[in-house]
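Each remark here refers to the structure printed beneath this line.
The values are calculated or read from the model by the stated rules, or taken from the named source; none is laboratory data. In this text the structure is predicted, and so the values were computed from the model without any measurement. With ideal geometry, Cβ positions are generated from the backbone for all residues, glycine too; neighbour counts draw on all protein chains shown. Note: areas computed on protein heavy atoms with side chains; ligands, DNA, RNA excluded. Shrake-Rupley method; radii C 1.70, N 1.55, O 1.52, S 1.80 Å.
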Amino acid sequence: VVLPQRLPPLDEATLHAIVHGTKFEPIFNGHAPGEEPLRFMGTNGGWQPTLEWAFTAALGSAGLLACSDGSTKVVNDCYALRSLACADDEHVAEALGRQPAHSDSPAAAEGKPQLAELHDADVPLSVLLAIMPGTKLWVFPSGCDSPDEAFVVHLDVGQLMVWRGDLVHAGAGYAHEHVRVHSYADPPACYYERPTGKTNLCPRQPEGWEEQVI
């Protein structure tokens, strides 16, 4: 869902800190070995708490943080995502630079509660904030089995998109360097403990891509 209320515009200092004060490291993008990565991720303690607080307020107002027993999900692991240009045409770029299809919440450790066992209210969430024009995300409504049904969600600056941790999606490619902010809203560990630093990739990816460290 894209929340109906936009977040207030970020002040110039915070925006500058996200775009220019973050140390970005490469993350998976489906590029072949030896190819330069197009996608990067990073965080900075100067702006991270501000964004996590803003996400908490927005999700709380929308009723998306309450768990089935009255406990509350916690917004954490807030990162800036940076993509380099991969084509001159925006429509070509959004498909050419697309990430492999994946979901953000992989299987929990053995013996821990799994996503399929959870009440809907207890499922972890992911959050994406547009801080630049033209923010996009590919969504696979039928999961990994029907990639041809994928479509692109477009976000304006200040819009916040929230999705379940088991939704199959993929970051889009861009014709210009682009930065946005991503975070998680996790339920208490008694419900689900997300293995950090991993993602759950769809099958039929190149060999060795299943559940790869990001």
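Odds and ends about this structure:
- Residue list for segment 150-160, restricted to those being in a strand (DSSP E or B) and either open to solvent by 10 Å² or more (accessible area, probe 1.4 Å) or out of contact with any strand residue (DSSP E or B) (no Cβ under 6 Å at 6 or more places or on another chain) (or both): Phe151, Val152, Val153, His154
- Once segment 36-74 is narrowed to residues that are free of Cβ contacts under 8 Å to residues at least 60 places away in the same chain and among the charged types (D, E, K, R), the residue that is nearest to Thr14 (Cα to Cα) is Glu36.
- Hey, Ala116 more than 20 Å from Ala130 (Cα to Cα), buried (at least 17 other Cβ atoms within 10 Å of the Cβ) and modelled with pLDDT under 95 or not: no
- For segment 119-135, the tally of residues that are open to solvent by 10 Å² or more (accessible area, probe 1.4 Å) and closer than 9 Å to Tyr192 by Cα stands at 0.
- Test for Asp166: is it open to solvent by 70 Å² or more (accessible area, probe 1.4 Å) and modelled with pLDDT under 95: no
- Scanning segment 93-113 for residues that are touching a residue at least 40 places away in the same chain (Cβ under 8 Å) and open to solvent by 70 Å² or more (accessible area, probe 1.4 Å), we see that the one that is nearest to Leu129 (Cα to Cα) is Arg98.
- Looking across segment 192-214 at every residue that is under 13 Å from the mean Cα position of the chain (by Cα) and outside any loop (DSSP other than H, G, I, E, B), the one that is modelled with the lowest pLDDT is identified as Lys198.
- Each residue in segment 64-92 was checked for being within 20 Å of the chain's Cα centre (by Cα) and at positive phi, and 1 pass.
- Candidates Ala189, Ala93, Ala170, filtered to the one that is outside any strand (DSSP E or B) and within 23 Å of Val19 (Cα to Cα): Ala93
- Test: Ala95 is at pLDDT below 90 and more than 12 Å from the chain's Cα centre (by Cα): no
- Considering segment 136-149, the residues that are within 15 Å of Gly171 (Cα to Cα) and part of a loop (DSSP other than H, G, I, E, B) include one that is most open to solvent (accessible area, probe 1.4 Å), namely Pro141.
- Residue within segment 39-61 that is hydroxyl-bearing (Ser, Thr, Tyr) and open to solvent by less than 20 Å² (accessible area, probe 1.4 Å) present: no
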